[in-house]
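The values are calculated or read from the model by the stated rules, or taken from the named source; none is laboratory data. If you're wondering where the values come from, they're calculated on a predicted model, not measured in any experiment. Counting neighbours? That spans all protein chains shown, and the Cβs are built from the backbone with ideal geometry, glycine included. The area values use the complete protein model at the heavy-atom level, side chains included, leaving out ligands, DNA and RNA. Shrake-Rupley method; radii C 1.70, N 1.55, O 1.52, S 1.80 Å.
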Amino acid sequence: MKRTVTVTVLNQSGVLNRITGLFTKRQFNIESITVGPTETEGISKMTVIVHVEDERVAEQVLKQLNKQVDVLKVTDITDQAVVSRELALIKVLTTPQTRAEINVIIEPFRATIIDVAKDSVTIQVVGNFEKIEAMIELLRPYGIKELSRTGQTALTRGSQKQVTDLKQYSILK
Amino acid sequence: MNAKVETKAKPLKQAMSGAELFIEALKKENVEVVFGYPGGAVLPLYDALYRNPIRHILARHEQAAIHAAEGYARVSGKPGVVIATSGPGATNLVTGITDAMMDSLPLVVFTGQVATGVIGTDAFQEADVIGITMPITKHNYQVRDLNELPRIIREAFHIATTGRPGPVLIDIPKDIATTVTEPTFVTDVHLPGYQPNTTPNVLQIKKLAEAIAQAEKPLILAGAGVLHGKAAEELLAFAEETNIPVVNTLLGLGSFPADHPLFLGMGGMHGTYTANMAMYEADLLINIGARFDDRLTGNLQHFAPNAMVAHIDIDPAEIGKNVDTHIPIVADAKEALQKLLDLELTAPEANEWRLHLKQSQKEFPLWQSEEEEGISPQQLTKMIHDVTSGEAIVTTDVGQHQMWTAQYYGFSQPNRWVTSGGLGTMGFGFPAAIGAQIAHPDDTVVAIAGDAGFQMTLQELGLVAELKLPVKIIIYNNQALGMVRQWQEKFYEERYSQSLLPCQPDFVQLAGAYGIKGYSVSTEEEAEQVLKEALTSREPVLIDCRIKRKEKVYPMIAPGKGLHEMIGVRP
Ligand SMILES: Cc1ncc(C[n+]2csc(CCOP(=O)(O)OP(=O)(O)O)c2C)c(N)n1
């Protein structure tokens, strides 16, 4: 099962190493990890997407993270209402004929073309994991030359109600 | 007069180097002894030590220094302090740091480092000690700014000794040690991410009390957490009040008197049949400060299959890690037991269970083979017990002799038993005995070792001779890597690949070369006589005991098997 865990840490040197090392040592499988400063100086936040076998391992992930001296707070936000976003840059092969098609495909994703070359365009898209996966699938037939993704970062929603409908989204909306 | 008043009103800050500050900080932590070995990167520290001494024990190898610090910490309850130089000095500590991490021993380890300006350039004797030790320390620090050193040292001692104890490492670049500052020493620690909980949840305690009242086959499993929590007295009171039988883990030995009628012995791979069957059959298993290690549980599928499991542990991550737990209690063992004792516990109706276990103990006692000439290692261990009235501090190395000592010495007091459990580190026992003897100079300290393991750190005979430490070294000499040999006999059809060690030094002469009295004994009569003489002397001695070469440790849970599948239960 896939869990989304946020980890608030003291911004000490080596702290990222400490966290990723812990995942290696305990054989917790990381899908993605993002890290950046928070609103408080000296404190950073990581968002980790981790694949675990079962509840017991999920609990171990949280407890082992919590044991770290530099870790201030660990939250499994998988079952909470969250907004999660990832940014992807996708370089797609183009021909004069396909360029317009690609434009049509990416438009509903609110993606933008940020670089144009003779035979390719680079597209920037922001969204949750599924949205980005969906767009990549649609672009794949044209030939993806390069792909770079940031991994997901997430926040719990300000209000924990009225979420269920928001979670659903249509790529064509 | 005036001058005096002035000083009092405004204490002048004293300028000192990083190295001097380091010594001052150790003194403020009441460090009485440090174990170490000098080298280039720590020369400033050693120079400061020369001018402002703290007792320093110069081991002959950094690995031995840290094992000695572990032995010291294990019997004294105080943190063991270690100093080593950068690069090879630091990497020589890796085994000991890992050992301390696995067995929750409080250590504060200082390593030198190349100067800050050249870190990362593969400078002479540079090693990424922070990277190397990150997964094997409770926490580690590299000092980047001298003014942080007082805080870091304070935090390190706090972290090492509170919560679940463990090793903390501080890496000090050489230039930091020579820089001069006017330090501000701190007494408080501010660690928002480190707040170990020691007080149990009242509801869970009540739940446990209810479970106890209803149990028919209750059992206590007591681990080293009872010792770290200084809770042996409370454990005894709790067991007696509820009349619940007790099993110890390997590291928990001594937390409950071995001669107590409620004691079932050690559990696990070489535990007693009754202890293991009790865990197998129990309907309530109260784990106090043990971590359900695989050498204890055997195959998890068959571990305590019918039991409601209560687990008292100071480390929340241990609860539910290996075994599903119904009553989790995150707390210090002493506090949790006190809370339980405050409750007017209803002792369970478990007469039948106790009778059943008593019967089992009678029917399946530990046994030893009657074959082969030579000293029976089990008898030898009993003799050591008798000659020392069961009151010695006993350390072991790792292997068969370790298991025989655990089975037969019969520890009745806490903190007299020093062994490497989690990591199973050969070479540990002898240096650990040195550290224990330094902590308790007047007590009898016996180092029991195999002939192979002793050869891993025997250079410390030099240290024993130099300090005239009255450590008693008893080698269980089977001219083999006995435990390996045993597994090869049982599980590899007697293919003794690299496990026989017929070529060995004359241990008596070896001891003699260091000016240490040595004996060699090959019969039980000789052994008894020599033990009586040697164990009461105030000198270091080495006794090379020729034990039965093919004797095996029984009973045993074979790898992958369950608690109820012990082999070698009877002759
Ligand atoms: C450093 C290290 N290397 C290897 C082992 C594996 N090992 C466990 S017991 C053992 C044999 C120990 O032989 P000896 O010291 O003679 O003790 P005995 O088992 O004969 O009592 C070995 C090699 C270990 N535990 N530690």
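Computed from the C-beta positions of A:Thr98 and A:Leu155 and an R0 of 30 Å, the FRET efficiency is 0.25 to the nearest 0.05.
Explain nothing, just the number: relative contact order of segment B:455-539, from Cα pairs under 8 Å at least 6 residues apart, as a whole percent. Over segment B:455-539, the number comes to 31 percent.
Spatial offset of segment B:315-390 relative to segment B:216-278 amounts to 3 Å, using the alpha carbon center of each. For B:Asn201, the amide hydrogen comes within under 5 Å of the amide hydrogens of B:Val330, counting only partners 5 or more places away or on other chains and with H modelled in the peptide plane. Simple rule: put +1 on each Lys or Arg Cβ and -1 on each Asp or Glu Cβ in the protein assembly as shown, find the dipole, and look at A:Gln160, B:His311, A:Val121; the Cα lying farthest toward the positive end is A:Val121.
When the alpha carbon gyration tensor of segment A:83-154 is reduced to an equivalent ellipsoid, its three semi-axes come out at 21, 11, 10 angstrom, largest first.
Of the residues B:Leu169, B:Leu262, B:Ala534, the one whose Cα sits farthest toward the positive end of the charge dipole of chain B, with +1 on the Cβ of Lys and Arg and -1 on the Cβ of Asp and Glu, is B:Leu169.
For the pair segment B:429-444 / segment A:75-147, the C-alpha centres are spaced 67 Å from each other. Each residue, B:Asp47 and B:Lys230, gets one label point 7 Å from its Cα in the Cβ direction; the gap between the two is 4.0 nm. Angle of helix A:55-67 to the longest C-alpha principal axis of chain A, folded into 0 to 90 degrees and rounded to 10: 70°.
Suppose we flag GluC sites (Glu not before Pro) only when DSSP calls them loop and at most 15 other Cβ atoms lie within 10 Å. Which is the longest uninterrupted stretch of chain B? It works out to B:33-215. With a 10 Å cut-off around each Cβ of A:8-20, the average count of Cβ atoms from other chains is 2. Does anything in segment B:297-311 have its amide N under 17 Å from the 7 Å Cα→Cβ label point of B:Glu216, and if so which residues? Backbone N within reach: B:305-309. For segment B:9-186, what is the relative contact order in percent, using Cα pairs closer than 8 Å and at least 6 residues apart in sequence? So the answer I get is 28 percent. Charge dipole of segment B:38-78 (Cα centre as origin; +1 on each Lys and Arg Cβ, -1 on each Asp and Glu Cβ, all else neutral): 160 debye, rounded to the nearest 20.
Within segment B:494-547, the chymotrypsin sites (Phe, Trp or Tyr not before Pro) that combine a DSSP coil assignment with at most 13 other C-beta atoms in a 10 angstrom radius are B:Tyr496.
Report the FRET efficiency, 1/(1 + (r/R0)^6), for B:Asn351 and A:Val126, where r is their Cβ-Cβ distance and R0 is 60 Å, rounded to 0.05. In this case the efficiency is close to 0.30. Dipole magnitude for segment A:2-76: about 200 debye, using +1 per Lys or Arg Cβ and -1 per Asp or Glu Cβ, origin at the Cα centre.
When Rg and the Kirkwood radius Rh are both evaluated on Cα atoms of the protein assembly as shown, their ratio Rg/Rh stands at 1.04. Working from label points 7 Å from Cα in the Cα-to-Cβ sense, the A:Ala134 to B:Phe185 distance is 6.5 nm.
Start at zero, step by 5 Å, and the Cα-Cα distances of segment B:377-553 spread as 1, 9, 19, 23, 22, 15, 7, 3, 1, 0 percent across the bins. When all protein chains stay in place and ligands, DNA and RNA are ignored, the 1.4 Å accessible-area order of B:Phe185, B:Phe124, largest first, is B:Phe124, B:Phe185. Look at where the Cα atoms of segment B:459-525 and of segment B:109-140 average out, and the two centres are 36 Å apart. Against the compact-protein benchmark of 2.2 N^0.38 Å, the Cα-based radius of gyration of chain A scales to 1.19. The dipole here belongs to segment A:83-154: it is taken about the Cα centre, uses +1 on the Cβ of Lys and Arg and -1 on the Cβ of Asp and Glu, and is about 120 debye.
Among the trypsin sites (Lys or Arg not before Pro) in segment A:92-146, those located in a DSSP loop and surrounded by at most 13 other Cβ atoms within 10 Å of their own Cβ are A:Arg110, A:Lys118.
With the convex hull drawn around the C-alpha atoms of chain B, the volume per residue stands at 172 Å³. For segment B:467-571, applying the loop criterion from DSSP together with a ceiling of 15 other beta carbons within 10 Å to the trypsin sites (Lys or Arg not before Pro) yields B:Lys468, B:Arg495, B:Arg538, B:Lys550, B:Lys561. Considering the dipole of the protein assembly as shown built from charges on the beta carbon (Lys and Arg +1, Asp and Glu -1) around the Cα centre, which of B:Ile23, B:Leu227, A:Leu139 is farthest to its positive end? Of the candidates, A:Leu139 comes out farthest on the positive side.
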